[in-house]
C-alpha cells in the first residue's frame, strides 16, 4: 500500500471515529480501527502512528457537516455485524445418542456449589443425548469418609433436581480393583515397590528406575499376595509410565496402597485400597463411560489414567476440562467447613456463610437459579468467580415470574371523619403489574383504613 492509499485509509477511519463522537476523533481509537480492519499494516505501526496524529488533527478542525460529506466521498462506512455469542452448552466431542456420563463426589461432606456445576452439566448432557448418568461415590480413602455424607449427597442432588440412572459405591468394588491390579501386573504394566517414600522420590525426580521395576511378573504377583499382611507404607503398586516425563508427578504413579484405618462401610475387612487414578480409570472403563466433565486441575490425572488405558488396551473416554469455580465470601473447602462446625464457628452444614448446597437453600435460593447459573457458566476453560449479587439476581427473576408479593408492615387503623358516601368506592388493582393475565384484586376504600405506623407523626401537634 503506497503512502497516498495509506493516508486515505487513515482518513476514512478518522472520519468514522469523529462522526460517531461529536466531531472529535481519538488517535488510539483510529489506530485500533486501522489495524483491526487492515491486519497487513500492523508491521508498519511506527509509520502509521505519526500519520494518524496528523490526520486526526486535520479531521477535528472540520465541521461535522464537512466530516460527514468527506466520509460519503470515501464510500461511507458500515460497521461489521457483531456475531451473537452462542448461548447454551456446546456439543460434546464425538457424542452420539446414548452417551454415558458420571458424577463422582467424594463423601467427605455434603455437596457445595462447585459440585453443583459438575452435577447439573452432566445431567444436561445426559438429557440432550438421551444417555445415562451414573452417580459414583468415590470412598476409597477411609480417612476422608464422613458417614452422613452418603445420604447428604443424594439429598443435595435431589434438591438440585438432578436424576441419575445408576448408582455405584466404590468401596463395594474393591475385589474388582484387585482383579484389574493383577491384570496390570500380568501384562507388565504395574509392579510392586517397597522403596521408602523419600528414596523413591529421589529416583523419580532424577528420572531413574527403582530396583523393583525390573522384577518379573511372578515376583510381583508373589509380593502382591503378601500386601494385605504388610504395614502401611511398606509397599505400593505402581503403574509404569515415562520416567523422563516432564512432570515428575506422572512418573510411575501409585495405583494401590495399604491403609491401616477402618473404613466406615467395611470396618477392618480390607487394608489395601486403590488410589483415585486407578479406581477412576477402572470404573470409567467397566461402566462404559463415554464422556467425562472435570476441572482443569485434573489435567495431570487425565494423563496418568491414559497410561493405564493404553497398557490394558482400553478405549479412553472423551474428556472436557473446565476452569475453576470460585465464590465470593464463602468457604468452599469441605475440610475447613467441617473443622469450623466442630469448633463452633459455623452452626452446621447449612450455615449461610458456607458454600454448601444446603446453605444456599437456606438463604432462600431456588434450585432452578443454581441450574441456570451453571448452564450460563458452562464448560468454559477460563476460571469463574461467582458473586452473591449474580445468584440473587437470577433468583429474583425466577421468583418475580412465579410468586405474588404482598408487603405487610406494622400498621395503625385510622378513621376519616365526615367522609361523604360518594367517596366510599371499590377499586381494582392488578395482582402483578407486568402480568395482567393473573387477574385483579379488589380494594374497598371507606372511612376506616390502615396506614404504616411509621407514617404516623410522633408529635401530636402534627397529627391532622
Checklist entry - Rounded to the nearest 0.05, what FRET efficiency is calculated for residue 127 and residue 175 with R0 set to 35 Å and r the Cβ-Cβ distance? => result 0.55
Next on the checklist: What's the ranking of 386-396, 440-450, 279-289 by average number of surrounding C-beta atoms within 10 Å, highest first?
Outcome noted: 279-289, 386-396, 440-450
Item to check | Values of log10 I(q)/I(0), in the order q = 0.05, 0.10 Å⁻¹, for the chain under a Debye, Cα-only, solvent-free model | outcome: -0.38, -0.92
Checklist entry - Rg to Rh for the stretch 411-455: what is it, with Cα atoms only and Rh by Kirkwood? => result 1.10
Next on the checklist: So for each of 303-313, 421-431 I average, over its residues, the number of other beta carbons within 10 Å; can you give me the resulting order with the highest mean first?
Outcome noted: 303-313, 421-431
Next on the checklist: Starting from the Kirkwood Rh over alpha-carbon pairs, what translational D in µm² s⁻¹ does the stretch 96-322 have by Stokes-Einstein at 37 °C and 0.692 mPa s?
Outcome noted: 177
Checklist entry - Working out 0.36 nm times the residue gap between residue 217 and residue 286, then minus their Cα-Cα distance, what length gain in nm do you get to one decimal? => result 22.4 nm
Item to check | Percent of beta bridges antiparallel (DSSP, the chain, rounded to nearest 5) | outcome: 60
Checklist entry - Can you work out the base-10 log of I(q)/I(0) for the stretch 212-281 at q = 0.23, 0.28 1/Å, using the Debye formula on its C-alpha atoms alone? => result -1.12, -1.30
Checklist outcome for this item: The Cα radius of gyration of the stretch 294-394, divided by 2.2 N^0.38 Å with N its residue count, comes to 1.37
Next on the checklist: How many angstrom lie between the Cα centre of the stretch 409-432 and the Cα centre of the stretch 132-162?
Outcome noted: 56
Checklist entry - What nm distance separates the two modelled labels at residue 44 and residue 445, each placed 7 Å from Cα along Cα→Cβ? => result 7.4
Checklist entry - Remind me, relative contact order of the chain in percent, using alpha carbon pairs under 8 angstrom and six or more residues apart? => result 12
Checklist entry - To the nearest 10 degrees, how steeply does helix 174-186 sit against the main Cα axis of the chain, on a 0 to 90 scale? => result 60
Next on the checklist: Run the numbers for residue 69 and residue 269: contour at 0.36 nm per residue of separation, minus the present Cα-Cα distance, in nm.
Outcome noted: 63.1 nm
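Values in this text are rule-based calculations from the coordinates and carry no lab data. From a predicted model like this one, the values you see are computed outputs, not experimental measurements. Neighbour counts run over all protein chains shown; Cβ positions are idealised from the backbone, glycine included.
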